[in-house]
1. Take segment B:9-39 and flag every residue that is among the β-branched types (Val, Ile, Thr) and under 13 Å from B:Asn61 (Cα atoms).
2. Report yes if some residue within segment A:151-162 is away from every other protein chain (no Cβ under 14 Å), within 30 Å of B:Met5 (Cβ to Cβ) and either more than 16 Å from the chain's Cα centre (by Cα) or at pLDDT below 85 (or both); otherwise report no.
3. For the list (1) within 14 Å of chain A (Cβ to nearest Cβ); (2) part of a loop (DSSP other than H, G, I, E, B); (3) of a type in the set (Val, Ile, Thr), I need the number of the one condition that B:Val142 fails.
4. If I filter segment A:98-108 for residues that are buried (at least 20 other Cβ atoms within 10 Å of the Cβ), of a type in the set (Phe, Trp, Tyr) and either more than 11 Å from chain B (Cβ to nearest Cβ) or outside any helix (DSSP H, G or I) (or both), do I get at least one hit?
5. Going through segment A:59-85 one residue at a time, which ones are within 15 Å of B:Val81 (Cβ to Cβ), buried (at least 19 other Cβ atoms within 10 Å of the Cβ) and either more than 7 Å from every other protein chain (Cβ to nearest Cβ) or not charged (D, E, K, R) (or both)?
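The values are calculated or read from the model by the stated rules, or taken from the named source; none is laboratory data. Being a predicted model, the structure only gives us computed values, none of them experimental. Cβ placement follows ideal geometry from the backbone for every residue including glycine, while neighbour counts extend to all protein chains displayed.
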Amino acid sequence: MIQLILFLGVGALLLISLFVLARRGAQAEGGAEALLEARRALSSLQGELLPTELVSRIFALDDLDYVTSSTSEDVRALFLAERQRIARSWVKQLRRQIVSLRNFHLGSARLYARLNFSTELTLAMEFAILLFACGALDLALRIRGPYGAQRIVDTTTAAAARVCEISEKSLGFLRPGNASPFGNPPTARNSAAL
Amino acid sequence: MALPMRDRSAKRMDVEEAAQDLRWRTLAKIERPLDRLIYLASTRDYNTGMYYHDGLAARFNQDIACQALAECHREAFRELVGSSLKELVAQVEGYIATTHTGPAEFIAVWRGLEPYRVAVPVEADMLSTQLLFSNLKVALAVLEHHLIHRSTGEQVA
């Protein structure tokens, strides 16, 4: 009888161990996906959405001056509508990638990245500022057009650059050879404010 | 199959050399980024996305030539996206002059068919592509305005 109880006990222990191991495996798999997702978001921000040249080109005043001085009112209206569309698309993509990065920091980052409390607090503040700025920028672009929100554009790109810099440190161990095949090298300095 | 690090680095150097060769021998003669973009896009097979250039492939090999062409294509695209609207209008105007087509006809066809959509590199990011297409749309409108303005001026004169 005692032998049977011992045998059942060992069996139960083995089953519990198996269950715990299986759960850990699933967690690790999910964690790897979250890491890759965050890395993709960071690459997209640094390589595609924040390079100074691209942001400056979208909000370039010389284009507006050129259209105003050398074309008709119809062409100017078309230009403004096109730039507004592009600017809003930029904000939308920026917001999507920021949310993706924030989700990583809220969920998996503390498992991998060794961020201290003050850095986490700073990061939380930056995410809050950034998402608010994205909302405000979209509203300003809708109401005042692509050239009516330069200060908010500056604030948004500066906050996004700071978030990227901190995220870069927390994802530093997962640096692929070629994170951004198309854009500039992914350094937060590239994406500083205009 | 993944190449070992040393082979990858050697291949990278070959691609860079081939790209340099292409820039010196061929692309240097094509002044405008728009023309370079269209030329490089024309070396790409639309079904496979592979680039072909016999001279370059003979000097290096097909794989290296393909990568060098792709790299130069990305470069031309970046340059074009970074152009101001005024520069882009001048580039489209210059390109029209090389096509032996009337400007009005060219503008109508480019507006209708938007052939520039197939000239962007595969890896181009969405926002840069959107910006380029939007700028080209505006550039065509600017050129049409100039054309109407010019013909009205000629009629008055």
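1. As a first pass, look at segment B:9-39 and keep what is among the β-branched types (Val, Ile, Thr): B:15, B:26, B:30, B:38.
Answer for segment B:9-39, where residues must be among the β-branched types (Val, Ile, Thr) and under 13 Å from B:Asn61 (Cα atoms): just B:Val15.
2. No, because not a single residue in segment A:151-162 is away from every other protein chain (no Cβ under 14 Å), within 30 Å of B:Met5 (Cβ to Cβ) and either more than 16 Å from the chain's Cα centre (by Cα) or at pLDDT below 85 (or both).
3. (2)
4. Checked segment A:98-108: at least one residue is buried (at least 20 other Cβ atoms within 10 Å of the Cβ), of a type in the set (Phe, Trp, Tyr) and either more than 11 Å from chain B (Cβ to nearest Cβ) or outside any helix (DSSP H, G or I) (or both).
5. A:Phe59, A:Arg83
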